[in-house]
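Report on the structure given below.
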Amino acid sequence: MKSKTAPLLDVRLPGDLVVRIIGLGGIGQIVATYLVRFLRGSVRRAAKVVLYDGDDFEIGNESRMSVAQLYENKAAALKTRLAGEYSTSQVTVLAVEQFVTPDNIERLVPGGPGESVLLCVDNHATRNLVGEHVCGLDDICLISGGNDGVGPDSGGTVRHGTAGNVQVHLRSAGRDLAPPITEFHPEIANPRDRRPDEQSCTDLLESVPQILFTNLCAASWMLNTWLLYASGELHFSELVFDTYKARAMPLMPLPGRPIR
């Protein structure tokens, strides 16, 4: 007779289980694929995953993501693939074929008990928009992740594409349990770039080169951070990583939860 052991981590979120994934590029499509797979196989309750992106798949995306059909909206294409794979599960996948903007963010990101936002965008302007909006919600978990890309940044520093971070802003009953993503990051508080909805089609085609393995690392840490939060075991508000140095380090402990 096989012995049964309780899982180390188990989702215990109150209310409806809703995860909103904003940005379905090199990191976001990995996050969405494996989150839906995890929810279907490991969480015995109904869940809703909402995918947000106003961009279409282009030929240049092939090196970093699974392209369902060229020039099809990313959210719609990913929803079709994931819904087809998991059509018999309790996981509902929805697509919003829009960028998140100041005009629609209140409607698209309402917040509430059991609701999470996984922010997978590649620009600080959208991080600022979502981060500021979350500050006004009563209950929400915002997890923002990304990497530094390859090439010189706006200040002239050369980036090698191996480093990145994950930030958590956690609010419960109108109080901050983890700080806003802008608090210790002036580049997000005062962005020098523009949101996708503010850019031309030509601008959108000129994406920052990224390393696939770094995207995988960022996506993995975002998902593991979400699992810690959903299981009531989150103990940090930021994590930094560098694949070149084979290092990941949690920073800024949550109140009453020392870094492990």
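The values are calculated or read from the model by the stated rules, or taken from the named source; none is laboratory data. Here the structure is a predicted model, which is why all the values come from computation and not from measurement. Here the Cβ positions follow ideal geometry from the backbone for every residue, glycine too, while neighbour counts run over all protein chains shown.
Within the stretch 107-140, restricting attention to residues that are charged (D, E, K, R) and either within 18 Å of the chain's Cα centre (by Cα) or closer than 21 Å to GLN167 by Cβ (or both), which residue is surrounded by the fewest Cβ atoms within 10 Å (Cβ to Cβ)? Break it down stepwise before answering.
Initially, the stretch 107-140 is screened for residues charged (D, E, K, R), giving 107, 115, 122, 127, 132, 138-139.
From what is left, the residues that are either within 18 Å of the chain's Cα centre (by Cα) or closer than 21 Å to GLN167 by Cβ (or both) are 115, 122, 127, 132, 138-139.
On the way: GLU115: 22, ASP122: 19, ARG127: 27, GLU132: 16, ASP138: 12, ASP139: 17.
Applying the filter and picking the extreme gives ASP138.
Being surrounded by fewer than 19 Cβ atoms within 10 Å (Cβ to Cβ) and not hydrophobic (A, V, I, L, M, F, W, C) is the filter here; which residues of the stretch 230-249 pass it? Please lay out each step first, then the result.
Taking the stretch 230-249 as the starting set, the residues that turn out to be surrounded by fewer than 19 Cβ atoms within 10 Å (Cβ to Cβ) are 231-233, 235, 240, 242, 244-249.
The answer is SER231, GLY232, GLU233, HIS235, ASP242, TYR244, LYS245, ARG247.
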Within the stretch 58-105, the residues that are loosely packed, with under 14 Cβ neighbours inside 10 Å, assigned to a loop (DSSP other than H, G, I, E, B) and modelled with pLDDT under 90 are SER66, GLN69, LEU70, TYR71, SER87, THR88
Being surrounded by fewer than 14 Cβ atoms within 10 Å (Cβ to Cβ), more than 16 Å from the chain's Cα centre (by Cα), more than 15 Å from GLY145 (Cβ to Cβ) and of a type outside the set (A, V, I, L, M, F, W, C), is that true of even one residue in the stretch 208-229?
-> yes
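For residues that are among the acidic types (Asp, Glu) and free of Cβ contacts under 8 Å to residues at least 60 places away in the same chain, tally how many sit in the stretch 100-138. Talk me through it step by step, then tell me what you get.
Step one: list which residues in the stretch 100-138 are among the acidic types (Asp, Glu), which gives 103, 106, 115, 122, 132, 138.
Within this subset, residues satisfying the condition of being free of Cβ contacts under 8 Å to residues at least 60 places away in the same chain are 103, 106, 132, 138.
Residues meeting the conditions: 4.
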Over the stretch 25-46, the set of residues among the aliphatic types (A, V, I, L, M), within 17 Å of VAL91 (Cβ to Cβ) and assigned to a loop (DSSP other than H, G, I, E, B) is VAL43, ALA46
Requiring at least 1 residues that are modelled with pLDDT of 90 or more, the strands (runs of 3 or more DSSP E) wholly within the stretch 119-163 are 140-147
